[in-house]
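Scroll down for the structure; my scribbles are underneath it.
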Amino acid sequence: MKRILTALAALILLTSAATATIPVVPYPTSAQELKGSGFNAKGAAVRCEGALDALSRQWIESFEKDLRLASGTDKKSPSTIFFCFNAAIADEAYTIAVSKKAVQVNASTASGFFYAIQTLKQLLPVEIYTGKAAPKGADWTIAPMKIQDRPRFAYRGMHLDCARHFFSIDEVKKYIDVMAMFKMNRFHWHLTEDQGWRIEIKKYPRLTEVGAWRDGTCIGRDFSTSDGIRYGGYYTQEQMKEIVAYAAERGITVIPELDLPGHMLAALASYPELGCTGGPYAVWQRWGITNDILCAGNEKVYEFLENVLTEILDIFPSEYIHIGGDECFLSELDDPWDKCPKCIAKMEELGIPRGPQEKHYLQNYVTARVQSFLLSKGRKIIGWDEILEGDLAPGATVMSWRGTVGGIKAAAMGFDAIMTPYDYLYFDYYQSRERDKEPLCIGGYLPIETVYGYDPLDGITAGAEKHILGVQANLWTEYVTTNEHLEYMLLPRACALSELQWTPRENKDWDRFNASLDHLFDIFDSLGYTYCRTVRGETGLK
Ligand code: ACM
Ligand code: ZN
């Protein structure tokens with residue numbers, strides 16, 4: 001009886017403890033204030049306890065170095081931050097207990113320790129990010145508290161289109177650093193497009209000799225113009241492996257996208273025999289959707305895709321490969337395959353009834369062929385929600401971009417889904433209504449408040465919730481020509497995204513989140529990131 005009463009008292013104490021007001025984004029699963037004095041982190045010692053793996057130790061050592069530099073002293077204070085291996089804690093989860101004498105971090109994996117460090121860094125002076133000594137008056141006190149933290153969703157993604165505009169390896173790493181800071185774990189890398197092919201494929205050298213370059217780019221929104229400036233670039237296989245390793249160290253899996261059978265004009269320009277008409281084709285200089293897509297009736301196309309994928313699989317160990325599938329047809333009325341003898345023969349061979357729906361069934365066939373090839377190599381597909389039209393084979397994961405409808409439908413049908421609805425999570429949209437003060441964007445209006453207001457389980461029935469793997473924002477780059485503009489589109493909306501991905505729904509609180517942005521802006525300033533300040537009433541890219 002006494003034991004029960006003690007347990008009850010402990011429970012009451014725990015549940016009545018006040019929630020800590022900390023500027024940590026994404027806000028943890030639980031952060032409870034404790035009684036007593038805070039921990040002075042300046043010059044604190046760092047110790048590892050137990051069977052930590054090499055990567056965990058690497059991040060802890062790097063944190064220790066940052067702490068020493070930011071403290072501006074080699075003198076160790078008696079206070080210690082302990083990083084303790086604890087097998088009972090789940091992958092990616094961690095706990096932090098802060099008292100006057102010590103901080104104790106518990107985790108069981110490198111991701112768990114890495115995320116705990118991200119949380120701790122947000123509780124310290126911004127110099128922890130820069131390696132410079134913090135000013136004399138800096139506040140080094142961490143209030144006494146107990147944090148228990150784990151992610152809400154397993155899939156926490158951010159996408160980047162490096163095909164419309166090309167971003168260097170260093171710029172991609174800086175983008176991944178933002179993802180890591182906000183505990184994201186999937187980098188969806190959009191690498192092939194009508195306007196440029198960015199993956200070195202050794203078997204098909206023309207993909208990068210021809211497909212990686214366009215002879216100009218339309219000026220502004222006027223598709224009839226061209227600036228006449230040759231533009232392009234590509235990543236070597238070694239560079240992409242470097243990105244995979246860089247991301248993996250930060251707990252991030254890189255999911256490459258080979259967009260097919262549409263958005264393939266750069267490949268067709270390189271190998272015209274892969275198209276229905278045989279060309280000639282040119283890498284596109286404008287944006288939009290084209291009827292020039294892969295021929296679905298030509299066996300050589302499947303041979304090409306399998307060969308390309310074989311090299312892609314060698315670079316990217318991800319379980320999932322994104323195979324695109326979006327915007328294959330200019331409109332519901334357009335069907336480039338119904339004029340092609342090879343495609344017509346394939347439809348007849350497959351028994352696809354002719355008519356307006358034929359293109360969807362033929363696209364299903366292309367998807368299923370690629371899917372079964374990838375399955376034979378132990379991989380799974382993700383496709384944009386168009387792959388749901390017609391008859392999708394089991395085992396595919398649907399990325400819902402045309403609103404939430406595709407994801408809701410997919411989950412109800414038993415397919416896994418990832419929510420990336422354009423009306424909440426397309427970071428290529430404007431962040432202000434004062435468009436003339438903003439850098440040119442594709443359109444739309446998506447302020448950070450709208451991003452924050454979304455919930456990935458909205459509209460999903462209770463039984464289907466298990467099929468929502470997670471949530472991602474997409475950053476298309478038709479109009480994003482520089483790294484500064486890219487960062488401006490990413491930040492601070494990515495901070496809001498991270499709370500949709502990580503924080504329990506009941507802990508989301510716009511006022512608390514908005515107040516935390518001041519500290520995050522200081523961090524971005526110290527790291528040299530460009531970011532948008534419309535949430536503070538300032539518009540435009542400075
Ligand atoms: C897409 O935005 N076309 C997936
Ligand atoms: Zn064809």
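The values are calculated or read from the model by the stated rules, or taken from the named source; none is laboratory data. Model, not experiment: these values are computed from the prediction. Cβ: placed from backbone, ideal geometry, glycine included. Neighbour counts: every protein chain shown. Protein only, heavy atoms only, side chains kept; ligands, DNA and RNA dropped before computing areas. Shrake-Rupley method; radii C 1.70, N 1.55, O 1.52, S 1.80 Å.
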VAL301, sole failed condition from (1) in contact with a strand residue (DSSP E or B) (Cβ under 7 Å, 6 or more places away or on another chain); (2) within 15 Å of ligand 2 (Cβ to nearest atom); (3) open to solvent by 10 Å² or more (accessible area, probe 1.4 Å)
(3)
Does the range 129-185 hold any residues that are over 28 Å from ILE418 (Cα atoms), of a type in the set (Gly, Ala, Ser) and buried (at least 19 other Cβ atoms within 10 Å of the Cβ), and which are they?
ALA134
Which residues, counting only those in the range 396-423, are open to solvent by 30 Å² or more (accessible area, probe 1.4 Å) and within 18 Å of GLY463 (Cα to Cα)?
THR404, VAL405, ILE408, LYS409, ALA412, MET413, GLY414, ASP416
How many residues does the range 327-347 contain that are away from ligand 1 (no atom under 16 Å from the Cβ) and of a type in the set (Phe, Trp, Tyr)?
1
May I ask you to list the residues in the range 330-346 that are within 13 Å of ligand 2 (Cβ to nearest atom) and either of a type outside the set (A, V, I, L, M) or free of Cβ contacts under 8 Å to residues at least 40 places away in the same chain (or both)?
ASP335, PRO336, TRP337, ASP338, LYS339, CYS340, PRO341, LYS342, CYS343, LYS346
Restricting to the range 424-450, what's the tally of residues that are farther than 24 Å from GLY383 by Cβ and hydrophobic (A, V, I, L, M, F, W, C)?
3
Criterion: open to solvent by 40 Å² or more (accessible area, probe 1.4 Å), within 16 Å of ligand 1 (Cβ to nearest atom) and not basic (Lys, Arg) - qualifying residue of ILE293, ILE323, ILE289
ILE289
Of the residues that sit in the range 390-403 and are within 14 Å of ligand 1 (Cβ to nearest atom) and part of a loop (DSSP other than H, G, I, E, B), which one is nearest to GLY157 (Cα to Cα)?
TRP401
State all residues of the range 461-485 that are among the β-branched types (Val, Ile, Thr) and open to solvent by less than 20 Å² (accessible area, probe 1.4 Å); if no residue qualifies, say none.
ILE468, VAL471, THR477, VAL480
Among the residues of the range 486-501, is any open to solvent by 40 Å² or more (accessible area, probe 1.4 Å), touching a helix residue (DSSP H, G or I) at 6+ places or on another chain (Cβ under 9 Å) and away from ligand 2 (no atom under 16 Å from the Cβ)?
no
Kindly provide the set of residues from the range 510-539 that are surrounded by 15 or more Cβ atoms within 10 Å (Cβ to Cβ) and assigned to a loop (DSSP other than H, G, I, E, B), ordered by number.
TYR529, THR530, TYR531, CYS532, ARG533, THR539
The range 357-407, residues that are closer than 21 Å to TYR422 by Cβ and in contact with a Cys (Cβ under 8 Å, 6 or more places away or on another chain)
GLN363, GLU386
Pick out, from the range 404-509, the strands (runs of 3 or more DSSP E) lying fully within it that include 3 or more residues that are within 16 Å of ligand 1 (Cβ to nearest atom).
416-419, 468-473
Residue list for the range 205-251, restricted to those being assigned to a helix (DSSP H, G or I), of a type in the set (Asp, Glu) and touching a residue at least 12 places away in the same chain (Cβ under 8 Å)
GLU209, GLU242, GLU249
